[in-house]
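Encoded as structure tokens, the structure appears first; notes follow it.
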Amino acid sequence: MNQTISKTLLLILIFITALALLFTNIFLTSIGDIAAEFDTSYGSITMTLSAYLIFTALIQILVGPLVVP
């Protein structure tokens, strides 16, 4: 594999990983506001966080082998 392609791919993967962590941090700080806005319980909002984390893990498991040759 070309060295520049490898560096570009590495930067893209780092960016995607950092973006997922950023979204998680934004979501965690606003759980109370989201529950109040949608007039629902705190527990149901935390279940959406669990679903998001499980989905993120599954995507990494499924897409990871496709990236590695």
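The values are calculated or read from the model by the stated rules, or taken from the named source; none is laboratory data. Since we're looking at a predicted model, the values are computed, not measured. So basically every Cβ, Gly included, is an ideal-geometry build from the backbone, and we count neighbours across all protein chains shown. Calculation scope for accessible area: heavy atoms of the full protein, side chains included, ligands and nucleic acids excluded. Shrake-Rupley method; radii C 1.70, N 1.55, O 1.52, S 1.80 Å.
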Practice prompt. Just give me the residues in the stretch 21-34 being in contact with a helix residue (DSSP H, G or I) (Cβ under 8 Å, 6 or more places away or on another chain) and farther than 22 Å from T56 by Cα, in sequence order.
Written response: G32
Practice prompt. Report, by residue number, each residue of the stretch 1-19 that is open to solvent by 90 Å² or more (accessible area, probe 1.4 Å) and at pLDDT 85 or above.
Written response: L11, I14, F15
Worksheet item: Within the stretch 20-69, how many residues are of a type outside the set (V, I, T), within 28 Å of S6 (Cβ to Cβ) and open to solvent by less than 100 Å² (accessible area, probe 1.4 Å)?
Response: 6
